[in-house]
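So that we are looking at the same thing, I have put the structure below in structure tokens.
The values are calculated or read from the model by the stated rules, or taken from the named source; none is laboratory data. None of these values were measured; they are calculated from a predicted model. Quick reminder, even Gly has a Cβ in these numbers, built from the backbone with ideal geometry, and neighbours come from all protein chains shown. Each accessible area value is taken on the protein alone, full model and side chains, heavy atoms only, with ligands, DNA and RNA left out. Shrake-Rupley method; radii C 1.70, N 1.55, O 1.52, S 1.80 Å.
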Amino acid sequence: MIAQDAQSPQWAKKKFLHDAKVHVQDTGHRTFVQKALGGYFLSRDAQKARYRDWEQARDAASLAKWSAVNRLDELLPLFVANFEANGGQVHWARDAEEARRIILDLVREAKAKAIIKSKCMTSEEIHLNAALEKDGYGVIESDLGEFIQQLRGEPPYHFVFPCMHVRREEISELFGKFLGTPPTNSPEELTMIARRHMRQLYVDADVGITGANFLVAETGQISITENEGNARLTAALPRVHISLSGIEKVVEHLDDLAVLLPMLATAGAGQQMTCYNTLYSGPRRDGECDGPDEMHLVLLDNSRTAILADPEQRDSLHCIRCGACLNVCPIFKNVGGFTYGTTYQGPIGSVITPHLRGLSDWNHLSAASSLCGACSDVCPVRIDIHHHLLHNRRNAARTVPNRWEKFGHQIFVIVASRPWLFAAGGAIFRHTLGMLKRLPVPLLRDWLATRALPAAPRKSFRQQWRQAGKDSL
Amino acid sequence: MKISLFIPCFVDQMTPQVGVAVAQVLERLGHACEFRSGQTCCGQPSFNAGYWDEAREVAIRAIGVFDGAEAVVGPSGSCVAMMRVFYPELLKDTPHETAALDLAARTFEFGEFLVKKLGVTDVGARFPHRVTYHDGCHGLRELRVKDEPRQLLRAVRDLELVECDEAESCCGFGGLFSVKFPMISTAMAEVKGGSLARTQCDYIVSSDPTCQLQLDGWLQRNWRSPTGTIPRTIHLAEVLAGAPL
Ligand code: SF4
């Protein structure tokens, strides 16, 4: 979906509230998504149990990312030098537009007739497919989940499990409609249908576009993790390979992957290891029988340096996009992936989207949280996710305060600073609550629409304490 | 030990029986309790809404109220987390930082205080009911209190403790979140409340009166049980005071 930044103020918030309301009423969908994650929890816990100490592994993973993110100025040039020495070409993109332009130019130069692509959330971030299609280039998503979403004309629902909300029957129907295949209920057969369809497309494509999970500075290699083998074919068969990656994906050592790869698999998908973990070290060299003629890497900033400049939230650049925080998030599970209206859904999306697309338009995502902290507890690289939601709220209150809200909090301070006023206000509230419940009082009305409210007690604790003769100060 | 009661604003005004139960349990164990009537609210509503300047004023005042108290004990994981975890962050790099850290070190959640500070698990209570325990998120994840309330409950006579399958899920209260995003909040209450009620318990025990507000509010209005009974929430202190509602 193309950003609709030009719409009326608060459009994103209004849309969020509307979609959330619609979604929570769809109990069938909510239960389906909840169930879909049931298996994940079981396998994740089983895999976690294989670690001698999961918490120490989190420390190690977070340290690897911390030391890279805090030394990007040194490690990015090192990576680039090594990548270029391997024969790759690097292109720097300040923002989404620049990245799109670079990729379009490369595609044009390659005189591409067909483009194949593997899973790459960064390409969703820059709305790459729409741009390529606008210029007349067909792009095929080769990851099964992304392919299904492409046929459905929808963005990914979850940035790791793009079509987790789609039932098997729907996939079968979709394939029937677009590929003319007979209905089937077997997941294996559905996978095979997509594979058979895809094989020739790999061969026909002149350009393959992939993402990157890690950029290894000391070797200049790109690490890509996948379950289907489609990224390998996407990178190896077409004549030109273009990889798109955020600058924060750099790690210093090849050894860092020894902890990051298994943790990515376990935390996000409940796997011991993802099926294919490949390191790409440049285009085909003399004497090699396969691989692309050219290998390009587009390194995208798109506000990442702004996050880097904020020491408080810098750790949000540690994110390895495992998806674990979405899987445990009660907000995600109840409002669904599309309600966010963002490339990155769930808790981490709520943290970084205001940085990527503006705090005034996207702060409502940080407000839409009970701050339960389930996300921070599972994050393999220990991002302080739920506290960053608080930080975003604070930054929004400072830079784009809501006048009425601020006024309300100022009144609150006046009351909370005067025990007598607090006690008097409390007494009035308690004695009028019965009546207030019958009036359309904002907030109170929102509570009462779905929940009961108990009657207020006649005496407050402080009254009871005083009357018992126990007051001490 | 002289214990200074930290009675959160909600408990003071809406569930005073919880404060009374806390004092009863602590006094029964031989400790004197004081209530400093200068206390009001910890400032969490403003803090969570992002209005930190406002919250800071309230926090500085609260730190003054509890100045010199040997131990500050409150019956709410959330409000205790505000004092212990968030005051130091809120007052970082201000002249009040040291005082905030000092108060943080003296502040305890009720169940945690009994087990970790006083070393008590059996307070001699009897509560002949089937109960389940609801973990409030702030207690669970900011204070890391999980086992303590369960240890206390297991020692209560005639009490049967069962676990629900969503034990670590949020009830959806989240302060102002519950009225700013009522639809999401309610959906969360449905998941957690349903899971708790399906244990067929008589009572849902909690250490957070505002979680109780949310869960009770949802269950009383929405829960349809085959047996016709709707579980009620009760605070841990009330169970330990041995006086069922
Ligand atoms: S924030 Fe942490 S848990 Fe969430 S996707 Fe990123 S690495 Fe995974």
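Looking at segment A:348-379, which of its residues are closer than 20 Å to A:P401 by Cα and within 16 Å of the ligand (Cβ to nearest atom)?
A:S350, A:V351, A:I352, A:T353, A:P354, A:H355, A:L356, A:L365, A:S366, A:S369
Which pairs turn up if I take residues in segment A:420-442 that are within 19 Å of B:T40 (Cβ to Cβ) and assigned by TED's automatic domain parsing to the domain that holds A:L453 and look for partners that are part of a loop (DSSP other than H, G, I, E, B) and open to solvent by 90 Å² or more (accessible area, probe 1.4 Å) with beta carbon separation below 8 Å, at least 6 apart in sequence or on another chain?
Cβ pairs passing all conditions: A:R430/A:R458.
Return the total of residues in segment A:320-344 being polar (S, T, N, Q) and within 14 Å of another protein chain (Cβ to nearest Cβ).
3
Right, another one. What pairs can you find where one residue is in segment B:139-166 and without any contact (Cβ under 8 Å) to a residue 60 or more places away in the chain, the other is acidic (D, E), and their Cβ atoms are less than 7 Å apart, with a gap of 6+ or different chains?
Close Cβ pairs (under 7 Å, with a partner that is acidic (D, E)) amount to B:R141/A:D377; B:K146/B:D135; B:E148/B:E112; B:A155/B:D122.
Tell me, yes or no, whether segment A:346-354 has at least one residue that is within 11 Å of chain B (Cβ to nearest Cβ) and either surrounded by 20 or more Cβ atoms within 10 Å (Cβ to Cβ) or in contact (Cβ under 8 Å) with a residue 40 or more places away in the chain (or both).
In the first step, residues of segment A:346-354 are kept if they are within 11 Å of chain B (Cβ to nearest Cβ); the result is none.
No: zero hits.
Next question. Can you tell me which residue among A:V207, A:V203, A:V250, A:V240 is within 16 Å of the ligand (Cβ to nearest atom), in contact (Cβ under 8 Å) with a residue 12 or more places away in the chain and either surrounded by 22 or more Cβ atoms within 10 Å (Cβ to Cβ) or away from every other protein chain (no Cβ under 14 Å) (or both)?
The unique qualifying residue is A:V250.
Results for (1) more than 14 Å from A:L390 (Cβ to Cβ); (2) small (G, A, S); (3) more than 21 Å from the chain's Cα centre (by Cα), shown as yes or no for each residue.
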| site | (1), (2), (3) |
| --- | --- |
| B:R28 | yes, no, no |
| B:H31 | yes, no, no |
| B:C42 | yes, no, no |
| B:E54 | yes, no, yes |
| B:E57 | yes, no, yes |
| B:M83 | yes, no, no |
| B:A99 | yes, yes, yes |
| B:R106 | yes, no, no |
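What's the number of the only condition in (1) more than 7 Å from every other protein chain (Cβ to nearest Cβ); (2) of a type outside the set (D, E); (3) assigned to a helix (DSSP H, G or I); (4) in contact with a Lys or Arg (Cβ under 6 Å, 6 or more places away or on another chain) that B:L219 fails to meet?
Condition (4) is where B:L219 drops out.
What do you reckon, is B:A71 more than 7 Å from chain A (Cβ to nearest Cβ), in contact with a strand residue (DSSP E or B) (Cβ under 7 Å, 6 or more places away or on another chain), touching a residue at least 60 places away in the same chain (Cβ under 8 Å) and more than 29 Å from B:F177 (Cβ to Cβ)?
yes
Given the options A:S360, A:S316, A:S376, A:S370, name the one that is modelled with pLDDT of 95 or more, part of a helix (DSSP H, G or I) and either over 25 Å from B:C170 (Cα atoms) or within 14 Å of another protein chain (Cβ to nearest Cβ) (or both). Walk me through how you get there before you give the answer.
Details: A:S360 fails: modelled with pLDDT of 95 or more; A:S316 fails: either over 25 Å from B:C170 (Cα atoms) or within 14 Å of another protein chain (Cβ to nearest Cβ) (or both); A:S370 fails: part of a helix (DSSP H, G or I).
After ruling out the rest, the residue left standing is A:S376.
Say we look at segment A:392-420 and pick out the residues that are assigned to a helix (DSSP H, G or I) and more than 9 Å from chain B (Cβ to nearest Cβ); which of these is farthest from the ligand (Cβ to nearest atom)?
A:W420
Follow-up. I'm trying to understand the selection: among the residues of segment A:434-462, which are surrounded by 17 or more Cβ atoms within 10 Å (Cβ to Cβ) and not hydroxyl-bearing (S, T, Y)?
A:D446, A:W447, A:L448, A:R451, A:L453, A:A456, A:F461, A:R462 - these are the residues of segment A:434-462 that are surrounded by 17 or more Cβ atoms within 10 Å (Cβ to Cβ) and not hydroxyl-bearing (S, T, Y).
Still on this structure, please answer the following. Can you spot a residue in segment B:74-87 that is farther than 29 Å from A:N392 by Cα, out of contact with any Lys or Arg (no Cβ under 8 Å at 6 or more places or on another chain), open to solvent by 10 Å² or more (accessible area, probe 1.4 Å) and touching a residue at least 24 places away in the same chain (Cβ under 8 Å)?
So far as segment B:74-87 goes, no, none of its residues is farther than 29 Å from A:N392 by Cα, out of contact with any Lys or Arg (no Cβ under 8 Å at 6 or more places or on another chain), open to solvent by 10 Å² or more (accessible area, probe 1.4 Å) and touching a residue at least 24 places away in the same chain (Cβ under 8 Å).
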